[in-house]
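Heads up: the structure comes next, in structure tokens.
The values are calculated or read from the model by the stated rules, or taken from the named source; none is laboratory data. Quick caveat: nothing in here was measured; it's all calculated off a predicted structure. Cβ placement follows ideal geometry from the backbone for every residue including glycine, while neighbour counts extend to all protein chains displayed.
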Amino acid sequence: MLFKSLVQPKKNLTTVREDVTLEQALDILEDSGYRCVPILDETGQIFRGNIYKMHIYRHKSRGGDMSLPVTYLLKNATKFVTLDSAFFNIFFSIKDLPYIAVLDEQNFFYGILTHSSLLNMLSQSWNIDIGSYVLTVISSDERGDLVEMSKIITKYTAIASCITLDVEEKDLVHRTLFTLPADVTSEKLEKIISNLERKSFTVSEIEDLRS
């Protein structure tokens, strides 16, 4: 589910109504400094799509009629998520967009989730500010590997965060990134690595967050 705190609400956004012309939309984009803004219906509640500055300029440079409605160059009409969308749906929906529109429970336009907000949230999962080391541990994709690795690490310290990569079916190995808390010493780190490797896990990379 999407955290509302990550969404920039409609009241804080620059938007254009679907009945404005391309010339008017370009003025709004230039004044705002944004390269893309949402298009809403005349009530300001229904998301119609996005308008990009580059598409208007391209249209204008080709002698296009600038008195056409902004919807003439509308893009991304089906690119939106809802406040209760699953995280993975949100992550892959926003992949190629500067932001994605967010709809509320009534399918009214609620706001936008920007790429930068999503990346900031993901970066927080690394706990860089309170971490000491990040261990990249390679396992052989056996059932119970994550539990076993966690048990080994938690004999010595808590785990600040954990991210698992390479989770496609064709992958024969998995990489798991463990962020260790700030109080982990180099001596404790060596013990953790030694015990992981004794159980046939490979510590392929060690990143010192304090260096």
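Find the residue count for segment 146-202, including only residues that are farther than 24 Å from LEU122 by Cα and either in contact with a Pro (Cβ under 9 Å, 6 or more places away or on another chain) or at pLDDT 90 or above (or both).
Filtering segment 146-202 down to residues farther than 24 Å from LEU122 by Cα leaves 148, 151-152, 155-156, 170, 172, 185-202.
When the remaining residues are screened for being either in contact with a Pro (Cβ under 9 Å, 6 or more places away or on another chain) or at pLDDT 90 or above (or both), the result is 148, 151-152, 155-156, 185-202.
Counting residues in segment 146-202 that are farther than 24 Å from LEU122 by Cα and either in contact with a Pro (Cβ under 9 Å, 6 or more places away or on another chain) or at pLDDT 90 or above (or both) gives 23.
Specify the residue that is nearest to the chain's Cα centre (by Cα); the eligible residues are those in segment 50-102 that are farther than 18 Å from TYR34 by Cβ and among the acidic types (Asp, Glu).
ASP84
Hey, which of the strands (runs of 3 or more DSSP E) in segment 130-211, taking only ones fully inside, have at least 3 residues that are in contact (Cβ under 8 Å) with a residue 40 or more places away in the chain, out of contact with any Phe, Trp or Tyr (no Cβ under 6 Å at 6 or more places or on another chain) and surrounded by 17 or more Cβ atoms within 10 Å (Cβ to Cβ)? Step through it out loud before you land on a result.
On the way: elements: 131-139, 161-165, 174-181, 202-208.
The qualifying strands (runs of 3 or more DSSP E) are 131-139, 174-181.
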